[in-house]
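Please read the structure below before turning to the comments.
The values are calculated or read from the model by the stated rules, or taken from the named source; none is laboratory data. Worth saying up front: this structure is predicted, and the values here are computed from it rather than measured. Heads up, the Cβs are rebuilt from the backbone with ideal geometry, glycines too, and the neighbour counts pull from every protein chain shown.
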Amino acid sequence: MQLQKQRTKQISTSRIVTPPFLVAFLMLAAAAILAGPVARRLNVKHAKLHLPLKAPLATLDEKVILPYRIRERHVLEPTVVEALGTDAYLSWALVDTSVPPSDPLRFARLFVTYDSGGRNLVPHRPDICYLGAGYEPAQPHENIEIEVPSLAPGSRKLPVRVCTFVQTSLRDRVKESVVYTFHCNGRFVATRTGVRVLMNDLTNTYAYFSKVEASFPKATRTQCIEGSRKLFARVLPVLLAEHWPDFKAAEEAARRGAAATDQPPRKESDPAPGRE
């Protein structure tokens, strides 16, 4: 009878401890280890800290973006700000005083947002936002590079995304194009996927992204791309120098702080650093 019970137990155990069970068990065990000492040793950081702007976006100096002048500073409705997930933005209607009134690039719209910290932040994009405003894509969106000579060497080929929409409620179906780019953790990227990859870098302490969006209501898609090149050449260097945080410096400071915390406390009998 006792022998029969032992055989039954062995059979039950063999049914549970299958190869898939062992694989799953080992994966869970490895995850538990990585979530603890090994994760700390590898400097893995899941939740990101907030990195403030050097100066609010709304304080961007109009004089430094000449020949563009501000026609109107838009204040977004509270519901729109809530949907954006951030109150750090500027929304300006501009006029390019260097071109004649008849030029389709004379009037422009500039929209900049900034968000930082948190976990798995989802950037809002014209691709989706325009659909909710009664537009539909007029042609496939595309990711391209435009030359912006005013940026630092090595960064002058700016990745941007170009979207062209048509307003379905209008009888003449007027088209409107938008060109935008993201500046995320010190780098320019054109897509939400690119932002997510940078935001989810497990070795970083901080995370932020800023979307810069330009449109020209009276311009064609090709003209909009050219107009964005000129507008970005004026705006992006100012954002880099005066507003966006220095991500590299912030991360280096965080690593120095972490290294100092990991050092064991010095005993009074120990010689001071650099002295024997």
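Would it be correct to say that Tyr89 is touching a residue at least 60 places away in the same chain (Cβ under 8 Å), within 30 Å of Thr205 (Cα to Cα) and of a type outside the set (A, V, I, L, M)?
Details: touching a residue at least 60 places away in the same chain (Cβ under 8 Å): no; within 30 Å of Thr205 (Cα to Cα): yes; of a type outside the set (A, V, I, L, M): yes.
Criteria not met by Tyr89.
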Single unsatisfied condition, Ser215 versus (1) modelled with pLDDT of 95 or more; (2) in contact with a Lys or Arg (Cβ under 7 Å, 6 or more places away or on another chain); (3) within 19 Å of Pro237 (Cβ to Cβ); (4) not hydrophobic (A, V, I, L, M, F, W, C): (3)
Residue list for region 207-235, restricted to those being touching a Ser or Thr at 6+ places or on another chain (Cβ under 7 Å) and part of a helix (DSSP H, G or I): Arg221, Cys224, Ala233
Index of the failed condition, Ile146 passing every other in (1) in contact (Cβ under 8 Å) with a residue 60 or more places away in the chain; (2) under 16 Å from the mean Cα position of the chain (by Cα): (2)
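Just to verify a result, which residue in region 67-88, among those that are touching a helix residue (DSSP H, G or I) at 6+ places or on another chain (Cβ under 7 Å) and farther than 16 Å from Ala214 by Cβ, is surrounded by the fewest Cβ atoms within 10 Å (Cβ to Cβ)? Can you show your working first?
Taking region 67-88 first, the residues touching a helix residue (DSSP H, G or I) at 6+ places or on another chain (Cβ under 7 Å) are 68-70, 87-88.
Next, from what is left, pick out any that are farther than 16 Å from Ala214 by Cβ: 87-88.
Working: Asp87: 13, Ala88: 19.
Filtering first and then ranking leaves Asp87.
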Residue within region 89-106 that is touching a helix residue (DSSP H, G or I) at 6+ places or on another chain (Cβ under 6 Å), at pLDDT 95 or above, hydrophobic (A, V, I, L, M, F, W, C) and closer than 16 Å to His243 by Cβ present: yes
Filtered residues of region 82-120 (kept if part of a loop (DSSP other than H, G, I, E, B) and small (Gly, Ala, Ser)): Gly85, Ala88, Ser98, Ser102, Gly117
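Got at least one residue in region 189-201 being in contact with a Ser or Thr (Cβ under 7 Å, 6 or more places away or on another chain), in contact (Cβ under 8 Å) with a residue 24 or more places away in the chain and assigned to a strand (DSSP E or B)?
Narrowing region 189-201 to residues in contact with a Ser or Thr (Cβ under 7 Å, 6 or more places away or on another chain): 190.
With in contact (Cβ under 8 Å) with a residue 24 or more places away in the chain added as a condition, the list becomes 190.
From the residues that got through so far, the ones that are assigned to a strand (DSSP E or B) too are none.
Within region 189-201 (the criterion being in contact with a Ser or Thr (Cβ under 7 Å, 6 or more places away or on another chain), in contact (Cβ under 8 Å) with a residue 24 or more places away in the chain and assigned to a strand (DSSP E or B)), the answer is no, since none of the residues qualifies.
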Residue tally, condition in contact with an Asp or Glu (Cβ under 7 Å, 6 or more places away or on another chain) and of a type in the set (Ser, Thr, Tyr), over region 165-194: 2
Scope region 238-260; condition assigned to a helix (DSSP H, G or I) and of a type in the set (Phe, Trp, Tyr); matching residues: Phe247
For Thr164: the one exception among (1) assigned to a strand (DSSP E or B); (2) over 21 Å from the mean Cα position of the chain (by Cα); (3) at pLDDT 90 or above; (4) surrounded by fewer than 17 Cβ atoms within 10 Å (Cβ to Cβ): (4)
